[in-house]
Amino acid sequence: MRTHGGPGLIERTRKKLLLRRVLSRVDETNEADDYRFVEFYTRAGCPISASLRRKLRRAGVRLRIHDIWADPHDAAFVRSVARGYETVPTVVVGDTTFVAPSARTVLSAIQDHDPSLVDVPQTPEGDRWYTRCLRRR
């Protein structure tokens with residue numbers, strides 16, 4: 001009697017995550033080429049990265065997503081700034097790199113470096129959230 005999903009379960013889950021990642025990458029980088037982005041290094045299935053990405057999206061931050069498991073150059077960059085570890089999320093704002101930052105830290109760095117990296121949130125809830133984060137600095 002089989003009580004688990006079998007050997008195909010891992011492969012099916014991996015394919016679903018890959019498809020979700022590809023679709024979200026197309027959605028996020030489908031902006032005009034002259035826009036600048038906050039570089040966001042992550043890996044598939046990381047709940048901390050997903051939480052931070054969700055909060056930054058809600059605040060209107062334009063992200064360029066890099067998957068460290070899909071690109072060895074991205075993984076090498078993360079290791080170079082995280083003392084040899086592949087710690088995600090790693091976020092780059094201008095010349096400053098943050099390893100496992102909070103949303104508040106990233107938003108403060110954006111405000112100090114280049115406020116044009118944030119689109120003004122369209123919903124009142126997002127606007128209140130963004131303002132509340134900046135007030136706590």
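Quick note: the coordinates plus some simple rules give every number you see, no bench work behind them. It should be emphasised that the depicted structure is a prediction, and the values quoted were computed from it without experimental measurement. When we count neighbours, we look across all protein chains shown, and the Cβ atoms used for this are built from the backbone with ideal geometry, even at glycine.
Placing a pseudo-label 7 Å from each Cα along the Cα-to-Cβ vector at GLN111 and THR96 gives an inter-label distance of 1.1 nm. Using θ = phi - 60° in the Karplus curve 6.51 cos²θ - 1.76 cosθ + 1.60, the 3J(HN,Hα) couplings for segment 88-102 round to 10, x, 10, 10, 10, 10, x, 9, 9, 10, 10, 9, 6, x, 8 Hz; x is entered for Gly and Pro.
Amide H to amide H distances under 5 Å link GLY45 with no residue, where only residues 5 or more positions off or on other chains count and H is placed in the peptide plane. Normalising the average separation of contacting C-alpha pairs (under 8 angstrom, six or more residues apart) by the number of residues puts the relative contact order of segment 35-104 at 36 percent.
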